[in-house]
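Scroll down for the structure; my scribbles are underneath it.
The values are calculated or read from the model by the stated rules, or taken from the named source; none is laboratory data. Every value quoted in this text rests on a predicted model; they were computed, and no experiment measured them. Here the Cβ positions follow ideal geometry from the backbone for every residue, glycine too, while neighbour counts run over all protein chains shown. Ligands, DNA and RNA are excluded from the accessible area calculation, which covers all protein heavy atoms including side chains. Shrake-Rupley method; radii C 1.70, N 1.55, O 1.52, S 1.80 Å.
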Amino acid sequence: MKTVNVRDVRNRFSEIVDRNEELLILRRGVPVMKISPVSKEDLMRYYLSKAQEEAEKIGLSEKEGLQVLDELRKEMKDEGRY
């Protein structure tokens, strides 16, 4: 795993993000945080939680929400994105 210090993160954040790799962040040579790319599982969890929040706002039942999710999965599979 590559390392980068806090100063470099502050000064070159966009460049670091564009690398899309797991990094260990050091402060004065001591590891303080790890940055890692978002996985497909992370994305799915994020979008599902957002969908659930929105569904609650508009009063969508769980059954209706699952139907919408199934339709979305089929569309994504057909397009090769799932």
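Below 14 angstrom from the Cβ of LEU48, what's the summed charge of the other residues (Lys, Arg +1; Asp, Glu -1)? Charge balance near LEU48 sits at -3. With all protein chains kept in place, the per residue accessible area of the chain amounts to 89 square angstrom at a probe of 1.4 angstrom. Sequentially through region 37-44, phi angles give Karplus couplings (6.51, -1.76, 1.60; θ = phi - 60°) of x, 6, 8, 4, 5, 4, 4, 4 Hz, Gly and Pro residues having no value and appearing as x.
DSSP assigns beta bridges within the chain; of those with both partners inside it, close to 55 percent run antiparallel.
Only Cα pairs under 8 Å and 6+ residues apart enter the sum, and on that basis the relative contact order of the chain stands at 18 percent. With respect to the chain, whose longest principal axis is taken over its alpha-carbon atoms, helix 62-78 is tilted by about 70°.
Sparse packing (at most 12 other Cβ atoms within 10 Å of the Cβ) combined with a DSSP loop state is found for the following trypsin sites (Lys or Arg not before Pro) in region 28-82: ARG28, ARG81. On the chain, 51 percent of the accessible area sits on carbon and sulfur atoms, based on a 1.4 Å probe. For region 53-82, the list of GluC sites (Glu not before Pro) that fall in a loop by DSSP and count at most 13 other C-beta atoms within 10 angstrom reads GLU79. When percent of Cα pairs over 15 Å apart is calculated for this entry, the matching label among (i) 59; (ii) 69; (iii) 72 is (ii).
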